[in-house]
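The values are calculated or read from the model by the stated rules, or taken from the named source; none is laboratory data. Given the structure is predicted, the values throughout are model-derived calculations rather than measurements. FYI the Cβ positions are ideal-geometry reconstructions off the backbone, even for glycines, and counts take in every protein chain you see.
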Amino acid sequence: HHLWDLRPLAQGPVSLFQQKLYLCEEIMRDINDCGHNIVQTVFAQCGAFYRADGPEEMRVVGETEFVHGIAAMSRSGIYGDTRLCTGIFSAADMRMGAAVEPVLVAHMAASEYFRGIRTSFPSDINEMFLEGFALLSKHNLSFDNWSPDFDRLPQLAELANRNTDVTVIVNHLGGQINIEAGSDEFGRWRACIDAVAGCTNTVIKLGGAQMRIGDWEPAYHMNQCDAPLSSNEYLELLYPYYYHCIEAFGVERCMFESNFPVDRECISYRSLWNLFKRIAEKAGASEDDKRELFSGTAARAYRL
């Protein structure tokens, strides 16, 4: 999940479909009202609360400092039993090469829960980027990646194969999920998923299929519908994507993800986890399989 305060950046009033404020109380309200057993959470990089001053490359550390404060609030137990942000991944510019190391060290100093970074990778994976990437192995940090362009996954696989000591975490089913696309695009997506699944040090997060990407909105986006779809309706639309990822990676390398508050534009927190439970059931997951999908893989990948 993300945490942020976008109100200073917002143009116009807060939209029902675009939550501008999502901090400790807001996410705990979702969790406490959802009826699911959410034990702990992982914070996902989103550019929140960067420092306003200091060296440019160090400003991203403000995000980790901020999230560590939220984790401390949660750990007090005042807001409920769930422990927020027991894993944190933030940003760093790996294109800096060896010069990025002080940024990584500062993230780790800012929070005992810091586990890795999320950033894009250049189309030309050059030596400077690889030099910076190698520092993730040195500091036992993971690499999260999200790109709407799933055609880049084979290149991500190449990066993973060159750095087998680094856990590479594919976000949001690998890219933009368009249920209105034809069989050719679906087949291309499957092949790209298979390419990155072939790396033993990769895992994938199953979720984020509901979100808008730039000007593109899925057909089931709340802006396009009179009412949100049910978890059963989402199951029928999205199951082939989830099932292929589970088959390609295996349950021990798959984890369900909420991607809140972004996903609120299409689905409630309660219905989203209902959807994941329905997917696991339809896939024939055993109790051990479900433990992997809902907690085991995440606990290993983020050292929770």
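Within the range 44-81, how many residues turn out to be touching a Leu at 6+ places or on another chain (Cβ under 8 Å) and in contact (Cβ under 8 Å) with a residue 60 or more places away in the chain?
Residues flagged as touching a Leu at 6+ places or on another chain (Cβ under 8 Å) and in contact (Cβ under 8 Å) with a residue 60 or more places away in the chain within the range 44-81 amount to 3.
Does Ala91 count as without any contact (Cβ under 8 Å) to a residue 60 or more places away in the chain, among the small types (Gly, Ala, Ser), closer than 20 Å to Leu159 by Cα and not assigned by TED's automatic domain parsing to the domain that holds Arg270? It would help to see each step written out before you state the result.
On the way: without any contact (Cβ under 8 Å) to a residue 60 or more places away in the chain: yes; among the small types (Gly, Ala, Ser): yes; closer than 20 Å to Leu159 by Cα: yes; not assigned by TED's automatic domain parsing to the domain that holds Arg270: yes.
Answer is yes for this residue.
Against the conditions (1) part of a helix (DSSP H, G or I); (2) touching an Asp or Glu at 6+ places or on another chain (Cβ under 9 Å); (3) of a type in the set (Lys, Arg), where does Lys205 fall short? Just the number, please.
Lys205 satisfies all of (1) part of a helix (DSSP H, G or I); (2) touching an Asp or Glu at 6+ places or on another chain (Cβ under 9 Å); (3) of a type in the set (Lys, Arg) except (1).
I need the full set of residues from the range 139-185 which are in a loop (DSSP other than H, G, I, E, B), under 26 Å from His1 (Cβ atoms) and at pLDDT 95 or above, in order please.
Initially, the range 139-185 is screened for residues in a loop (DSSP other than H, G, I, E, B), giving 139-141, 146-149, 163-167, 171, 175-182.
Those left that are additionally under 26 Å from His1 (Cβ atoms): 139-141, 146-149, 166-167, 171, 175-179.
Those that are in a loop (DSSP other than H, G, I, E, B), under 26 Å from His1 (Cβ atoms) and at pLDDT 95 or above: His139, Asn140, Leu141, Val166, Thr167, Asn171.
So which of Gly175, Gly187 ends up being under 20 Å from Tyr239 (Cα atoms), in contact with a Pro (Cβ under 8 Å, 6 or more places away or on another chain) and not aliphatic (A, V, I, L, M)?
On the way: Gly187 fails: in contact with a Pro (Cβ under 8 Å, 6 or more places away or on another chain).
None of the other options fit; the residue is Gly175.
Would you check if Ile78 is buried (at least 20 other Cβ atoms within 10 Å of the Cβ) and either out of contact with any Cys (no Cβ under 7 Å at 6 or more places or on another chain) or among the β-branched types (Val, Ile, Thr) (or both)? Reasoning before the result, please.
Numbers: buried (at least 20 other Cβ atoms within 10 Å of the Cβ): no; either out of contact with any Cys (no Cβ under 7 Å at 6 or more places or on another chain) or among the β-branched types (Val, Ile, Thr) (or both): yes.
When the stated conditions are applied, Ile78 does not pass them.
Name the single residue that is surrounded by the fewest Cβ atoms within 10 Å (Cβ to Cβ) among those in the range 165-215 being more than 16 Å from Arg118 (Cα to Cα) and among the basic types (Lys, Arg).
Looking at residues that are more than 16 Å from Arg118 (Cα to Cα) and among the basic types (Lys, Arg), I get Arg188.
Could you please give the count of residues in the range 228-271 that are closer than 22 Å to Ala301 by Cα and out of contact with any strand residue (DSSP E or B) (no Cβ under 6 Å at 6 or more places or on another chain)?
Of the residues in the range 228-271, 11 are closer than 22 Å to Ala301 by Cα and out of contact with any strand residue (DSSP E or B) (no Cβ under 6 Å at 6 or more places or on another chain).
Take the residues in the range 37-75 that are under 19 Å from Glu257 (Cβ atoms) and exposed (fewer than 15 other Cβ atoms within 10 Å of the Cβ); name whichever of them is farthest from the chain's Cα centre (by Cα). Steps first, answer last, please.
Initially, the range 37-75 is screened for residues under 19 Å from Glu257 (Cβ atoms), giving 37-48, 63, 67, 70-71, 74.
Next, only the ones that are exposed (fewer than 15 other Cβ atoms within 10 Å of the Cβ) stay: 37, 39, 47.
Numbers: Asn37: 19, Val39: 17, Gly47: 13 Å.
My answer is Asn37.
Where in the range 227-304 are there helices (runs of 4 or more DSSP H), lying wholly inside it, with at least 2 residues that are surrounded by fewer than 16 Cβ atoms within 10 Å (Cβ to Cβ)? Spell out how you get there, then give the answer.
Working: elements: 231-249, 269-282, 287-291, 297-301.
Counting at least 2 such residues, we get 231-249, 269-282, 287-291.
Filter the range 125-179 down to the residues that are in contact with a helix residue (DSSP H, G or I) (Cβ under 7 Å, 6 or more places away or on another chain) and of a type in the set (Asp, Glu), then identify the one that is farthest from Ala298 (Cα to Cα).
Glu131
Can Gly116 be described as within 18 Å of Phe260 (Cβ to Cβ) and of a type outside the set (A, V, I, L, M)? Explain how you work it out, then say what you get.
Numbers: within 18 Å of Phe260 (Cβ to Cβ): no; of a type outside the set (A, V, I, L, M): yes.
So Gly116 fails the test.
Matching residues to (1) assigned by TED's automatic domain parsing to the domain that holds Gly69; (2) more than 28 Å from Asn178 (Cβ to Cβ):
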residue: Tyr113; (1), (2): yes, yes
residue: Gly116; (1), (2): yes, yes
residue: Thr119; (1), (2): yes, no
residue: Phe129; (1), (2): no, yes
residue: Ala134; (1), (2): no, yes
residue: Ser137; (1), (2): no, yes
residue: Phe150; (1), (2): no, no
residue: Leu153; (1), (2): no, no
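Okay, residues lined up against (1) closer than 26 Å to Leu173 by Cβ; (2) surrounded by fewer than 21 Cβ atoms within 10 Å (Cβ to Cβ); (3) in contact (Cβ under 8 Å) with a residue 12 or more places away in the chain; (4) touching a strand residue (DSSP E or B) at 6+ places or on another chain (Cβ under 8 Å):
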| site | (1), (2), (3), (4) |
| --- | --- |
| Arg95 | no, yes, yes, no |
| Ala99 | no, yes, yes, no |
| Ala109 | no, yes, no, no |
| Met128 | no, yes, yes, no |
| Leu136 | yes, no, yes, yes |
| Ser142 | yes, yes, yes, yes |
| Trp146 | yes, yes, yes, yes |
